[in-house]
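Shown next, in C-alpha cells, is the structure this report addresses.
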Amino acid sequence: MDPKHADVRNLNARDIRDLVVRNDLDFGWKGMVGARISPRLAFEAGYTDLGKATVPSITTRQASVARTKAFTAFGVGMMPVGKVDLFAKAGPVRSESTGRVDGTFFDSSQRRIGYGAGVQLARRRFVMRVEYEQFGNGAAGNLHAISLGFRMSLHRGQPASTLRAY
C-alpha cells in the first residue's frame, strides 16, 4: 500500500498495521557510569540517544518524525560463566520524545520500568559488551536497543571483571 495515495475510508486492518507498525532502524549512542558492588551485583546510570524514527503520514504529505532519548538507573545482576559474565538489569527509565505528527510539534516525557540482558567479556582493563535493552514505550512506539560496546576501567592492577568502579 502506498501511504501517499491511501484513502482513509477504505483501509482494512492489515493496511493500518502496514502503515502504523514499523520497525524503523536508526543509529544512536549511549554513555554510562557505574559501580560493581560485588562480583554479582552492579549499578549503572546512563543516557541513551535512540535516534530518529520516521513514519509516512496517511493524511498529509508530511512524514511524522520522532527523536527519543532515555535516562536510566539500572540494578545489574551478574553471573560469571567461565571467561564471560552474563547479566540482567532492570530499573527506572525516563524517556523524552520530540518531533512532529502531521505538521504538529510534540514534546513528551514518560517514566517506565526498563530492563535488559547481555554478555560481557573482560580482559584486564578492557571489557567488550553486547546487550539488549527495552526502555518502555515512547512517542514512536516500543523503544528497544541492541548495542555492542567497549569499556576501559580507570582502575589499574585488577581485572575489569572484579573492579568496584567502571
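Numerical summary
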quantity	calculated
Every residue from region 104-125 that is surrounded by fewer than 16 Cβ atoms within 10 Å (Cβ to Cβ) and not in a strand (DSSP E or B)	ARG124
Lone qualifier among ALA145, ALA140 - being at pLDDT below 60 and surrounded by 14 or more Cβ atoms within 10 Å (Cβ to Cβ)	ALA140
Residue match in region 93-108 (condition: modelled with pLDDT of 90 or more, out of contact with any helix residue (DSSP H, G or I) (no Cβ under 7 Å at 6 or more places or on another chain) and under 29 Å from VAL127 (Cβ atoms))	yes
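The values are calculated or read from the model by the stated rules, or taken from the named source; none is laboratory data. A quick note: this is a predicted structure, and the numbers were derived from the prediction, not measured. Cβ sites come from the backbone with ideal geometry, for glycine too, and all protein chains shown count toward neighbours.
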